[in-house]
Every structure is written in structure tokens, then in C-alpha cells.
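Asker: If you scroll down you'll find the structure; I have some questions about it.
The values are calculated or read from the model by the stated rules, or taken from the named source; none is laboratory data. The structure presented is a predicted model; accordingly, all values stated were derived computationally and were not measured. Here the Cβ positions follow ideal geometry from the backbone for every residue, glycine too, while neighbour counts run over all protein chains shown. Note: areas computed on protein heavy atoms with side chains; ligands, DNA, RNA excluded. Shrake-Rupley method; radii C 1.70, N 1.55, O 1.52, S 1.80 Å.
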Amino acid sequence: MAEVDREVVETHETRISIADVPGAIDAGGEMALKIDVSCPSGCNLQGMAIKIVDSQGDEIAEAALSSADEAGGELELSLKAPVEPGEYTWTAFALRQETEDILHEGSSAEFSFTVKHHSISLTVWGISSPIGTGEKLKVTVGGACSANCSLAGLPFTIEDAEGNQVAAGELGQEVLPQTRGVYWRELELDAPGEEGVHNWVVKCDPSALEFPHQARPCEFAFRTTMPPEHTVTVQVFDLYTELPLEDANVMVGLYRGVTDQEGIAILRVAGGKQDLCVSKQGYDFFQTSVDITGDETIKVELPLAALM
Amino acid sequence: MHASDEKRISRRSFIKGSAIGAAGVFAGSMLSPGAKAQQADPRIPQKWDYEADVVVLGLGGAGASAAIEAHDSGASVLVLEKQAEATHFSNTRMSGGVFHNPDPAGDRKALVEYVKAMMCGKNIPWKLEGEQPHVSDAMAEMYAEGVMEVADFLLAQAPDLDRKGMAPGGKASFPMFPGFEEAKYGRTVFCGYKDLAKADPNLPLYERPRLTKGSGEAFHWALVEEGIKTKRPGIKILYETPAKSLVQRPNGEVIGVIATKDGREVAVKAKKAVVLATGGFEYSVPMRRAFLEGPGVKGWCYYGALANTGDGILMGIVAGAALSKVAKSASRIEPAFPYGEPWEKLGLKIGTMSAATSVPHSVIVDNFGERYADEHIITDSTRPYRYQFYKEAVKYDMLNMVYSRVPSWLIFDETLRAERPVVNMNISTVGYGFLPWSRDNMDAINRGWILRADSLEELAQKIQADPENRQLMDADRLAETVRRFNSYCALGKDEQFNRTPSTMGPVEKPPFYAMKMYPGGPNTKGGLDANADRSVLDWNGNPIPRLFAAGEIASVFKFTYQAGGNLTECIVCGRQAGRNAAKLAPWG
């Protein structure tokens, strides 16, 4: 068969569209876009080249339509978002394609998205409040990144209400159990010498992290009191069965404890007149006033609450 | 009949009233009353499949009490129960099994006043609802009489019940009501078998041996297993026999019931009377839609019997009964979860009882992320609010035009998650195995029933992504709410809502969790109107002959309610209905 020059006999327009563009994406995060190119004549466009270009004209990615549908072809494309936060508009091109006797014209469409900072959420727990003035205050500082970055080794500081730094540290290397990415550090600090409620704040320095992070300081509060001088043993029983009640929450003044298997909570408390409260789910709440003048044992019987 | 203070109903007016009451329903047959008396009424069966003097519909606490009392008054009794015997879970059985036992040393007159205040508020100058002038005085008298016998009635059925748990004493719920001090109405008391304390606490109550039953299981066991099956085998029970309609004569008189048994209709003749004790409408979609405030179907939850679909209320409506305060619920806010496709299609979730509503390391917020109440009033039975809290939860945010507290969100932290199950695993829908739950709560978390996030901000995003939040959650507000609450914990005082300090504890340790809470609770309270005799009333306030009602279907507590009130009235009103039903002369 003699070779003849191939002639293009038909020209088809194409139309490109982009779906699943995220409104906002974390810096450096993955964007999964769906690109669809259609031909009004219903041609199979599998293999058609696709190019993604940024606003400067620099190429971001190149790929080909990977599957065909009744009126063209489509592609699921994963792109890495820029590292710098801001507004972005990129353009997707379907490149002109000649096959046998059909010329498919190229087409393009713009799409926009916002790249945002990763945000670090700081939290403080396990605060030993109330704490005797000058005693060791235990706190645990934790942080998590909204994009799940590792925060291992993230430096942080703790400041008092006047802005004086009272402690500094780094988050540990392990992820807190049950979490996807909370890194933490336990600290022992010197409690202030004055009695009262103290509002301190934890701040972190994310500048060394790979992507831009914003971190909001986290306030936490604790209370200092005169060092407790008396031991109060509270024994909690079920009024009817006379059996000890575990897991009852006991408070004498500001001091709290939880009863053990024997129904006993031992609290170190300051002297003086204060409220004794005992509560346990499923039982009636109990409250009375006690005058603590020395070491004491107090027996409390709780009636079953009217559950229904 | 008992005479009402406000309306003495003589035999003559009783008959006249009945005819008037029936007119609306049987207008067609009233055209020439009497003229066609000899002609067979197509609504009256030619042949009866079963018969008894008194036919009781529903075998919960009220039905059982009615059956026992009617039997002991000399009547033959047949009970129709829609559930199967092996899976018979009445609301009584699924409840906490608590009731009222006023101190006999209390003043009787004061007791009547106190009860009247709970029932209708008639004697409270500031009361705003609960009006039942046609029944209030006689009803309070009847109840004041009956309530003193509840404990003894239970013990008479089941001598192994522990009298100690039933001991009168303590403070009743409403110190602001007339007669509070002198009545010595007392705290809610507990029903359990003597050996309950020896039971393995890790077993659900219903799995413990017979003698160690507690809560609603004890109540059910005492009345149904001991009171009826053991002590009164003459009371016949037909399980899996749902009643469908009442058989009425043209004058409105109820003479039987049409029910379904083994896939066919059966006619049950009630020679003396029918007692409706079919419970509330907790799982009726149309009734929830019709009666409950706000999103009544999707936005409410109940944790009692799934069989309570308002059957008796519907039968009563068709028979010309008046409705009374139907929207009332013994409710607060409780969690609810999906229960299989058929229920989800209807929009219904299944409720259960929270065990974390006012414990340390948790707060409850609205859809915007704000706390709106002292969480402890939801669970504290020593204050008057627990059973009215649903009114707070269905509050309409007029400016935003949303029910901003439906659902509410229990926000808690890892400390609480690890410490205890956040739902009650011993009773209700978890206790009876309707909902799966693991003690560490992880099963519910892995199912997505409880949301989990590393930070409060991420938790807020997850809440916002839940369609029921309608994108109202504000991450900053939620974080600020928790920060403020945590500072109150350090201070030892909740400066916003004055929550009980021992119930507080900071929400601080990641991960953080969110569980949806809906208005709801154990049961609905409103339904058919009924008088002190427990005769069902028509819209003119006149009794429908030979029709009685007791229990949730026609609760006497129209104004407010102390925990255990519904079980108490099951016995008081069930007995009253059974006794009055048995007293009637048979019609044929």
C-alpha cells in the first residue's frame, strides 16, 4: 500500500473543567483535583496531555488523561500546594492533539485556592491546682499541628501574667496515645509565692519547622494556697448497701480527690471552715460545711439518685 | 364513681355526657338513635375470639398493676402485650426502678396540696400551665391515698425486695410548693432485691441472678414475674398481640378490642372494661412530629421501650378521647445513636442514658460552642430541674431562627474518656444490649458516634461538618468557652452558671471528644385525658364508658414531676383503673 499524506478532515473543540478544588489548603499539603476534558462530538480523549501552570507561567505538573468517558476523558491529579501562604490562581491546559483524521483543539481553565499557614494548637493539662505556695507545680504542655506535622522538639516558653518567662522547654519525641499528632512535655515548675489565681501562658516558636506555622498562645490558670497542713480522709459509702463507693469526686474547699476502691479519698487541705462536696453519677449530691482544725476522717453516705 | 370537687357526675349526667361525647365520633349512627337497635352494627364483631371481664392493653408497670388489682377484685383478666415474651422490654423494665414513698407521719392535707401542685399547679399562684380544673382535686386525693400503698404493694408481690431502699425520708423535689414541709413527701426511693449488693457489679442488671435484680428490672420482676405469673396464674397474657382498635357501641361504650395475633385479626370481648396501659409515643414518628417542640423526630431521643408507639393514644383518639398536655416529657438531654437502617430512614435515633453529663472534664455547649446552663442541674435529683431541663434544650434562638441547642454537644477530654464509660451501661438501651458499648468508649469513637480530635479547633471543624450542626459551630467560641471553664475550675467557682464545684474539672487533655445530646429522656407524659377514677374523658370532660387509662398514656403529672413519678403512678393509677374496671357490672 502506498504511503499517502495524512489529512486532517475534522477539527473538534475541547473543553476542560476542574473539580474538587479545595477552597483552602495547608501550606505544602496535597490537593487532589479532578480534571475532565470533553469533546462535543463524543471522542475518546484518553492520553490527551494536560499541563498545570502557575500565574508566572511556570509549569507545575504535566500528565495525560488516564481514562475515557462517553464524551472525552478524565484524570485525577494530585498536586502539592505551595509552601507560602496566600491566594493562588493556576491554569490547567488541555494540549492540542492530532489523532488520525481529527484535530482536537486545546483548551484551558483557571482555578483558584488559598494556601494557609499550618496552625499549632497548644494545650496544657495535668495542672496540680490548687498548689501550695512555693511548692512544685506540675504541668504538661502539648501541641498539635493542623496539618499533622511532627512537632517533636518544638521549643516553647511559659510566661506569667506580667510577661516574665518562668520556664522554657521543648516538646518530646513521642505522640500522645489516642492522638494523631500531639507532642508533649511534662514540667515541674516553682509555684509562685503569693496566694491566688495565676494566669500563665504558653507560647511556642515554630520558625524552625519546615512549613509556615501560626501558633496561638495558650492561657492556663492555677491557684496557689497556703501549704495544706491537715490530712482529711473522706470515706464514701452507698447509703443502702453500705458498700464503699469508688470514683466519687470529693472536694474540701478547693482541694479535690477521687475515692479509691475502698471508697476513700485522702486530701491534704488547709485549716478552717470550708465546704465538703461529694458527687458521684447515679447518686445524690452531698454538700456540708466542715471546720478543719486537725487531721480528720469524715464518713459520707450517698443515697442512690433517682435515675430514670 | 368518686365525686369531683368541681363537677359532680351523677349516674344520669354520666350517661348523658357519654352520649354527647360520642356524638362527634359516631355522628352517622346518631341520626336515629335506638331506631336501628336490632340491626347488627358492622363495627361490633359477630364472634369473639377471647373474652374476659377486664382487658388490659400493655404489660408495663401500669398494665401489670391494673391486672393485679382487677384480678384481686374478682374480675377475670386478659392482658394483651404487643412484644414477644422473650424480648418483652417495657418502659418500666428499662427504667431506673425508682418511685415515691412519702413518710406516713406527714400531714395528709398537706400531702394532697403538694401532690396537686405537682399535678396541675392549681394551688400555686405563679403557675403558668398544667390546668386541669376538671380533675385536679379528686385526682390529688386519689393519688395521695394510693401513693402511701406503693411500697407495700410491691412488697406484697415480691417479699424479697429490699425494704431499706424504699425507706421514706429525705427531701422532695419542690420546696417551693404548698405543703412541702408538712407533707413529708420525701425523696425518690429505690426498688431492688435484697441480694443486689452481692451481685457482680460488672454484670448488667438483667444478667444477674433473679434475686439480685435492681432498678426497673426489679420493678418489672416484682409486678410481672412474681405478681402476675407466679402469684396469679389466672391472669391470662397474650404476647405478640398488639391491640389495633377499640370496639364501641354507638353510645360510645367500649365493649372490646380488635387485636392482631399470628397475622390475623382477633376480637377480644371486654365484659366490664378495657384499660389502656400502652405507654407513651416515644417511637411514633407522626406523634413526635405532631406533638413535640422543634425538630420533634430527628431532634429528640428517648431511652425506653422501643415498642412505645402511642398505640393506645391513637385508639383513644379514634374512640373520641380528649388529649391533654401531650407534648409533656419526663426529659432532659441525653445522647442518641443510630439504630439500624429502618430507624434511620424514619429519622429516629435510639437514646440512652449519659453517665458523663455533669462529671469533671466535661462541659455541654450549644451548636455555637457556648455553655448555656449549670450542667449539674441536668443530673442533680436533689434540685427541681432535672425533668424539666428539656425545656432549656428546645429553646428557640429567635434572632438566628435556629434551635441552637438541638443537638447540644458534650465536650470532654481524654481524662474522662479513659476514666469511665460515658453512658450508663447497667440499664436502659445499653444495659439491655440494644446499643453496643465498650467500657473504654472506644467502640463508639471508632463508629464515629463520638467525634475525636487532637485539638479543640479540629473538634470544632468536625462538629461543623456534622449536618445537624448546620455549620453553626465557631472554633474560637468553643476554645474560649473551654478556656473560661478551665479557669473557673482553677478558681473553684463557676462564675457563669455556678456549677457545683465537685462536678467540675478542666477539659484539657487531648484528644478532645464531642458527643451529641438531644432533648429527651425516659418517656413522654402526655396523652389521653382521664379523671381521678382513671376513666378516659372525651372533649367535653365526660367519661367514655368502660374505658380506663393508666401510666404514661395519661400521666397525672401535668405540671411537673419528681423522679420516679411515672413508676409511682403506674402503680397508683394502674390499681385505681383495675379496681374501677372490675367494679362495673358486665354488659353482656
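Asker: Exactly one condition in (1) within 14 Å of another protein chain (Cβ to nearest Cβ); (2) over 26 Å from B:E207 (Cα atoms) is false for B:S354; which is it?
Answerer: Tallying (1) within 14 Å of another protein chain (Cβ to nearest Cβ); (2) over 26 Å from B:E207 (Cα atoms), B:S354 fails exactly one: (2).
Asker: In this structure, is B:N446 more than 11 Å from B:Y513 (Cβ to Cβ), at pLDDT below 95 and either assigned by TED's automatic domain parsing to the domain that holds B:W343 or not hydrophobic (A, V, I, L, M, F, W, C) (or both)?
Answerer: So B:N446 does not fit the description; no.
Asker: Just a yes or no: is a residue in region B:546-560 outside any strand (DSSP E or B), under 22 Å from B:D72 (Cβ atoms), of a type outside the set (G, A, S) and within 14 Å of chain A (Cβ to nearest Cβ)?
Answerer: The answer is no, given that none of the residues of region B:546-560 is outside any strand (DSSP E or B), under 22 Å from B:D72 (Cβ atoms), of a type outside the set (G, A, S) and within 14 Å of chain A (Cβ to nearest Cβ).
Asker: Picking from B:V363, B:V406, which residue would you name as being away from chain A (no Cβ under 13 Å) and in a strand (DSSP E or B)? Don't jump to the end; show me each part of the working.
Answerer: On the way: B:V406 fails: in a strand (DSSP E or B).
Being away from chain A (no Cβ under 13 Å) and in a strand (DSSP E or B) holds for just one of B:V363, B:V406, which is B:V363.
Asker: What about B:T352, is it open to solvent by less than 20 Å² (accessible area, probe 1.4 Å), under 20 Å from the mean Cα position of the chain (by Cα), polar (S, T, N, Q) and closer than 25 Å to B:M94 by Cβ?
Answerer: On the way: open to solvent by less than 20 Å² (accessible area, probe 1.4 Å): yes; under 20 Å from the mean Cα position of the chain (by Cα): yes; polar (S, T, N, Q): yes; closer than 25 Å to B:M94 by Cβ: yes.
For B:T352, the condition - open to solvent by less than 20 Å² (accessible area, probe 1.4 Å), under 20 Å from the mean Cα position of the chain (by Cα), polar (S, T, N, Q) and closer than 25 Å to B:M94 by Cβ - is met.
Asker: When B:I333 is evaluated against the numbered criteria (1) at pLDDT 95 or above; (2) touching a His at 6+ places or on another chain (Cβ under 7 Å), which criterion, by number, is the only one it fails?
Answerer: (2)
Asker: Continuing with this model, one more query. Answer yes or no as to whether B:Y396 is away from chain A (no Cβ under 14 Å) and touching a residue at least 60 places away in the same chain (Cβ under 8 Å).
Answerer: Answer is yes for this residue.
Asker: Hey, can you tell me all the residues within region A:252-308 that are touching a helix residue (DSSP H, G or I) at 6+ places or on another chain (Cβ under 6 Å) and in contact (Cβ under 8 Å) with a residue 60 or more places away in the chain? Talk me through it step by step, then tell me what you get.
Answerer: So the first thing to find is which residues in region A:252-308 are touching a helix residue (DSSP H, G or I) at 6+ places or on another chain (Cβ under 6 Å), and the list is A:277, A:279.
Those that are touching a helix residue (DSSP H, G or I) at 6+ places or on another chain (Cβ under 6 Å) and in contact (Cβ under 8 Å) with a residue 60 or more places away in the chain: none in region A:252-308.
Asker: Test B:A327 against the criterion of being assigned to a loop (DSSP other than H, G, I, E, B), among the hydrophobic types (A, V, I, L, M, F, W, C) and either open to solvent by 10 Å² or more (accessible area, probe 1.4 Å) or modelled with pLDDT of 95 or more (or both), and give yes or no. Full working, then the answer.
Answerer: Details: assigned to a loop (DSSP other than H, G, I, E, B): yes; among the hydrophobic types (A, V, I, L, M, F, W, C): yes; either open to solvent by 10 Å² or more (accessible area, probe 1.4 Å) or modelled with pLDDT of 95 or more (or both): yes.
Against the criterion (assigned to a loop (DSSP other than H, G, I, E, B), among the hydrophobic types (A, V, I, L, M, F, W, C) and either open to solvent by 10 Å² or more (accessible area, probe 1.4 Å) or modelled with pLDDT of 95 or more (or both)), B:A327 qualifies.
Asker: Separate question: Given the condition more than 9 Å from every other protein chain (Cβ to nearest Cβ) and more than 30 Å from B:D162 (Cβ to Cβ), answer yes or no: does some residue in region A:231-240 qualify?
Answerer: The answer is yes; a qualifying residue exists.
Asker: Just for region A:163-175: of the residues that are part of a strand (DSSP E or B) and of a type outside the set (A, V, I, L, M), which one is farthest from the other protein chains (Cβ to nearest Cβ)?
Answerer: A:Q165
Asker: Say whether the condition of being of a type outside the set (A, V, I, L, M, F, W, C), modelled with pLDDT of 95 or more, farther than 30 Å from B:A453 by Cα and exposed (fewer than 14 other Cβ atoms within 10 Å of the Cβ) is met by at least one residue in region A:110-117.
Answerer: yes
Asker: Exactly one condition in (1) surrounded by 24 or more Cβ atoms within 10 Å (Cβ to Cβ); (2) touching a Ser or Thr at 6+ places or on another chain (Cβ under 6 Å) is false for B:G316; which is it?
Answerer: Unmet for B:G316, out of (1) surrounded by 24 or more Cβ atoms within 10 Å (Cβ to Cβ); (2) touching a Ser or Thr at 6+ places or on another chain (Cβ under 6 Å): (2).
Asker: Inside region A:128-162, can you point out the residues that are assigned to a loop (DSSP other than H, G, I, E, B) and more than 20 Å from A:P212 (Cβ to Cβ)?
Answerer: A:S128, A:S129, A:P130, A:T133, A:G134, A:E135, A:D160, A:A161, A:E162
Asker: Quick check: is even one residue across region B:424-436 more than 10 Å from every other protein chain (Cβ to nearest Cβ), over 30 Å from the mean Cα position of the chain (by Cα) and surrounded by fewer than 22 Cβ atoms within 10 Å (Cβ to Cβ)?
Answerer: Initially, region B:424-436 is screened for residues more than 10 Å from every other protein chain (Cβ to nearest Cβ), giving B:425, B:429-436.
Still in the running and over 30 Å from the mean Cα position of the chain (by Cα): none.
No, the conditions are met nowhere in region B:424-436.
Asker: Of everything in region B:378-393 that's open to solvent by 30 Å² or more (accessible area, probe 1.4 Å) and part of a loop (DSSP other than H, G, I, E, B), which residue is farthest from the other protein chains (Cβ to nearest Cβ)?
Answerer: B:Y385
Asker: Could you figure out which of (1) away from every other protein chain (no Cβ under 14 Å); (2) open to solvent by less than 40 Å² (accessible area, probe 1.4 Å); (3) touching a Gly at 6+ places or on another chain (Cβ under 6 Å) isn't true of B:F337?
Answerer: Only one criterion is unmet by B:F337, namely (3).
Let's see how each residue does on (1) surrounded by fewer than 24 Cβ atoms within 10 Å (Cβ to Cβ); (2) in contact with a Phe, Trp or Tyr (Cβ under 9 Å, 6 or more places away or on another chain); (3) modelled with pLDDT of 90 or more:
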residue	(1), (2), (3)
B:T87	yes, no, yes
B:T92	no, yes, yes
B:H100	no, yes, yes
B:D107	yes, no, yes
B:A110	yes, yes, yes
B:A117	no, yes, yes
B:N123	yes, yes, no
B:D137	yes, no, no
B:M142	yes, no, yes
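Asker: I've got another one for you. Answer yes or no: is there a residue in region A:139-158 that is more than 21 Å from the chain's Cα centre (by Cα) and buried (at least 16 other Cβ atoms within 10 Å of the Cβ).
Answerer: Taking region A:139-158 and keeping what is more than 21 Å from the chain's Cα centre (by Cα), we get none.
So far as region A:139-158 goes, no, none of its residues is more than 21 Å from the chain's Cα centre (by Cα) and buried (at least 16 other Cβ atoms within 10 Å of the Cβ).
Asker: Considering only residues that are open to solvent by 20 Å² or more (accessible area, probe 1.4 Å), more than 17 Å from A:S119 (Cβ to Cβ) and at the interface with another protein chain (Cβ under 10 Å from one of its Cβ atoms), which ones fall in region A:176-195?
Answerer: Once the filter is applied, which keeps residues that are open to solvent by 20 Å² or more (accessible area, probe 1.4 Å), more than 17 Å from A:S119 (Cβ to Cβ) and at the interface with another protein chain (Cβ under 10 Å from one of its Cβ atoms), region A:176-195 yields A:P177, A:Q178, A:W184.
Asker: Something else now. Give the residues of region A:111-153 that are free of Cβ contacts under 8 Å to residues at least 60 places away in the same chain, within 14 Å of chain B (Cβ to nearest Cβ) and closer than 22 Å to A:D26 by Cβ, sorted by residue number.
Answerer: Across region A:111-153, the qualifying residues are A:G142, A:A144, A:N148, A:S150, A:L151.
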